[in-house]
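Worksheet for the structure shown next.
The values are calculated or read from the model by the stated rules, or taken from the named source; none is laboratory data. Keep in mind that this is a model prediction, so the values were computed, not measured. Note that each Cβ is placed from the backbone with ideal geometry, even for glycine, and that neighbours are counted across all protein chains shown.
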Amino acid sequence: MAADPLDEAKTKVADAVDRLADELEKLSLQIHANPELCFKEEKASAWLTGFLEKQGARIERGVGGLPTAFRATVEGTGPGPTVAIMAEYDALPNIGHACGHNVIATAGTGAGAAIAAALGKVPFAGRVQVAAAGRRSGGRASASSRSSATSSEKPRTPRPGRGAGSMPSTP
């Protein structure tokens, strides 16, 4: 019996997550040590896009007219739905990344990077995108509404502290 291509893809992506884990942890700590407020996340945006690009994702910068917003795409086998993984990387005034956006940024980036590194192309019609912008003051809503996701597709945001594997929908 032939192996299920989706199961094979999951195994490859999980292996890629393990290979990238140390780099992702360093990236998260780097963002945490350099807090940038919403719409001013120039360093975080550059570090995240550089990492995604290095893994093979196609990067679009300045998405939705927001200079620090970006979209990283891993294409599939043809036209189809978009799976959007949101990444937030802005800090709060006076408290930095106490909100954990450095973790959210690297979790979403890590998911997209692992898919790109492991597969190069997703094994189904459609695509996977990491859509990223500052969360505060409507940054995330602005970037996601101007991204390629349609109303029938749900962007997902990884959140710390909600259980293993949890990625609640993001309105």
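Annotations
- Residues within the stretch 87-103 that are buried (at least 24 other Cβ atoms within 10 Å of the Cβ) and not polar (S, T, N, Q), tallied: 6
- Leading residue by the ranking (nearest to Glu23 (Cα to Cα)) among those in the stretch 41-93 that are part of a helix (DSSP H, G or I) and either over 13 Å from the mean Cα position of the chain (by Cα) or at pLDDT below 95 (or both): Lys54
- The residue that is farthest from Glu53 (Cα to Cα), counting only those in the stretch 5-40 that are among the polar types (S, T, N, Q) and part of a helix (DSSP H, G or I), is Thr11.
- Test: residue in the stretch 96-117 that is assigned to a loop (DSSP other than H, G, I, E, B) and free of Cβ contacts under 8 Å to residues at least 12 places away in the same chain: yes
- Thr77 vs. criteria in contact (Cβ under 8 Å) with a residue 24 or more places away in the chain and in contact with a strand residue (DSSP E or B) (Cβ under 6 Å, 6 or more places away or on another chain): no
- Cβ-Cβ under 7 Å pairs, at least 6 apart or on other chains, the stretch 118-132 side farther than 23 Å from Ile104 by Cα, far side surrounded by fewer than 20 Cβ atoms within 10 Å (Cβ to Cβ) and among the charged types (D, E, K, R): Lys121/Glu75
- Scanning the stretch 14-31 finds no residues that are surrounded by 17 or more Cβ atoms within 10 Å (Cβ to Cβ), without any contact (Cβ under 8 Å) to a residue 60 or more places away in the chain and under 22 Å from Arg127 (Cα atoms).
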